[in-house]
Amino acid sequence: MHIPSASRPACLTFTVAAVLGLLGSPLAAQPPRINTDELPRLEAFSHATRVGDLIFVAGTLGTVGQSFDLAPGGIGPQTTQALRNIETILEEAGSDLTHLAKCTVYLTDMANFDQMNAAWVAVLGDSPPARATIESPTLALGAAVEIECIAQRRRTAPD
């Protein structure tokens, strides 16, 4: 169906080029990939990707150091460690936990929500980012929790 331009709503007149222009990202440019040597990483993914001033942190587990070993003690310690790992990734990307905007938490069992939430508050305090929590039947490495986030870069961060 063709809608004459005179009767098109203003919201329909955006073109792909205009939307990309609003985002300030040329179509051919690949967003910077961010990885840190302090955490383990499979070749199939990056720890984060930066688009403009936004940092998209990949699903992060509560692994300890440069190993793929999970923090012992279950959901609470794994949540704490996953957030510390996210903190390391954000530092590499020119940000920190205070600049988190939105996180998604994946739990293998919603019965562990209270333990995860206690660890969450212990790390992020009383002004946490927006969050969704979703139950997932299984996670990589047999983890009890996985967290992905979107953060804003600090204004003083170099490109």
Would you mind classifying region 18-142 by shape? Square roots of the alpha carbon gyration tensor eigenvalues, ordered a ≥ b ≥ c; an a/c under 1.5 is rounded, otherwise it is prolate if a/b is larger than b/c and oblate if not. prolate
Which order do Val64, Val121, Val57, Val51 fall in if you start with the one that has the fewest other Cβ atoms within 10 Å? Val121, Val51, Val64, Val57
What does the extension gain come out to for Ala29 and Glu91, with contour length at 0.36 nm per residue minus their alpha carbon separation? 20.0 nm
Report the local net charge at Thr133: Lys and Arg +1, Asp and Glu -1, summed over other residues whose C-beta lies under 15 Å from its C-beta. -3
Considering the dipole of region 29-152 built from charges on the beta carbon (Lys and Arg +1, Asp and Glu -1) around the Cα centre, which of Ile89, Val123, Ala101 is farthest to its positive end? Ala101
Points 7 angstrom from Cα along the Cβ direction at Arg154 and Ala101: gap in nanometres? 1.9 nm
Calculate the dipole size of region 29-152 relative to its Cα centre from +1 charges on Lys and Arg beta carbons and -1 charges on Asp and Glu beta carbons; express the result in debye to the nearest 20. 200 debye
Please give the FRET efficiency for Leu42 paired with Ala132, using the beta carbon to beta carbon distance and R0 = 25 Å, rounded to the nearest 0.05. 0.55
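No value in this document is a laboratory result; all are computed from the given coordinates. Predicted model only: the values in this text are computed from it and were never measured. Virtual Cβ from ideal backbone geometry, glycine too; neighbours counted across all protein chains shown.
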